[in-house]
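A quick write-up on the structure given underneath.
Just so it is clear, none of the values below were taken in a lab; they were calculated from the coordinates. Remember, predicted model here, so these are calculated numbers, not experimental data. Virtual Cβ from ideal backbone geometry, glycine too; neighbours counted across all protein chains shown.
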Amino acid sequence: MTDIKQNLGIYFGSQTGNAEMLALDVSALAPTYGFKPSVAGLDEISLEDFTENKFIIICCSTWGDGEQPDNAQEMFDLVNEVDESTLQDVQFAVLGLGDTAFDLFCESAKEWDVLLEEKGGTRNNARIECDVDYEDEAEDWIVSTLESMKEVL
Ligand SMILES: Cc1cc2nc3c(=O)[nH]c(=O)nc-3n(C[C@H](O)[C@H](O)[C@H](O)COP(=O)(O)O)c2cc1C
């Protein structure tokens with residue numbers, strides 16, 4: 001029997017690869033913390049893939065005027081339509097990438113963070129909103145998130 005309790009879905013919404021690189025960083029570290037990671041673009045998975053995880057980390061940039069990246073909007077809309085208890089067994093955390101030069105800074109990540117809670121998920125770590133110089137704080141957040149998720153594994 002497959003044990004899914006260690007499944008960690010790491011999904012990225014990314015237009016030019018920054019959020020994707022961070023998602024790959026999460027995936028590389030995750031086994032050290034006892035997780036079985038699957039990393040994918042938000043347009044590369046089914047809704048079922050998304051909802052069957054016990055742990056989800058979203059890494060998502062913001063584009064246009066506060067919009068989801070092209071590869072994230074469809075999954076966002078699908079999750080938006082699920083029942084409110086669908087993610088009741090899911091622990092989640094959201095990493096946002098953006099640029100404070102824009103009015104709607106990290107808006108997509110905010111939307112994911114709100115949505116996953118609305119659908120019953122438990123926020124395991126506070127959302128981080130990264131500006132253009134993000135590498136160090138993003139890496140610190142990744143480690144603190146995996147440590148925090150490991151506590152409830
Ligand atoms: C045309 C354009 C529009 C953008 N719009 C926003 C925005 O509305 N809000 C924001 O916080 N960042 C915005 N950004 C910044 C990107 O989110 C940021 O560069 C991010 O690191 C891109 O990550 P990605 O490569 O994973 O897509 C924009 C960047 C560009 C080039």
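Please report the antiparallel percentage of DSSP beta bridges with both residues in the range 7-151, rounded to the nearest 5.
Close to 5 percent.
Once you've got the GNM for the chain with C-alpha springs shorter than 10 Å, pick whichever of Ile45, Ile128, Ile56 has the biggest mean-square fluctuation.
Ile45
Rounded, prolate or oblate: which one fits the range 22-110, using the alpha carbon gyration tensor with axes a ≥ b ≥ c (rounded when a/c is under 1.5, else prolate when a/b beats b/c, else oblate)?
oblate
Give me the net charge for the shell around Ala28: Cβ to Cβ below 15 angstrom, other residues only, Lys and Arg +1, Asp and Glu -1.
Value of the local net charge: -3.
List the lysines whose alpha-carbon lies under 23 Å from that of Lys5, not counting same-chain residues fewer than 8 positions away?
Lys36, Lys54, Lys119, Lys150
Percent relative contact order of the chain, based on C-alpha pairs within less than 8 angstrom and at least six residues apart? Write out the running numbers ahead of the final one.
Working: 303 pairs, mean separation 36.0, N = 153.
Value for the chain: 24 percent.
Going by how many other beta carbons lie within 10 Å of each one, how would you line up Glu52, Glu20, fewest first?
Glu52, Glu20
For Ile58, Ile10, Ile4, which order do you get if you count the other beta carbons within 10 Å of each Cβ and list the fewest first?
Ordered by Cβ neighbours within 10 Å, fewest first: Ile4, Ile10, Ile58.
What are the ³J(HN,Hα) values, in whole Hz, obtained from phi via the Karplus relation 6.51 cos²θ - 1.76 cosθ + 1.60 with θ = phi - 60°, for each residue of the range 130-146 in sequence order, with x given for Gly and Pro?
Taking θ as phi minus 60°, the curve returns 9, 8, 4, 9, 10, 3, 5, 5, 5, 5, 4, 5, 4, 5, 5, 5, 5 Hz for the range 130-146.
Skipping prolines and chain starts, which residues have an amide H placed within reach, meaning under 5 Å, of the one on Arg123, given they are 5 or more residues away or on another chain?
So Arg123 has HN proximity to Phe92.
Grab the beta carbon distance between Asp43 and Glu84, set R0 = 30 Å, and tell me the FRET efficiency rounded to 0.05.
Efficiency, rounded to the nearest 0.05: 0.80.
Cα gyration tensor of the chain, axes a ≥ b ≥ c as square roots of the eigenvalues: rounded (a/c below 1.5), prolate (a/b > b/c) or oblate?
Since a/c reaches 1.5 but b/c is at least a/b, the shape of the chain is classed as oblate.
Set Lys and Arg Cβ to +1 and Asp and Glu Cβ to -1, take the dipole of the range 7-151 about its Cα centre, and tell me which of Val39, Trp112, Gly13 lies farthest positive.
Val39
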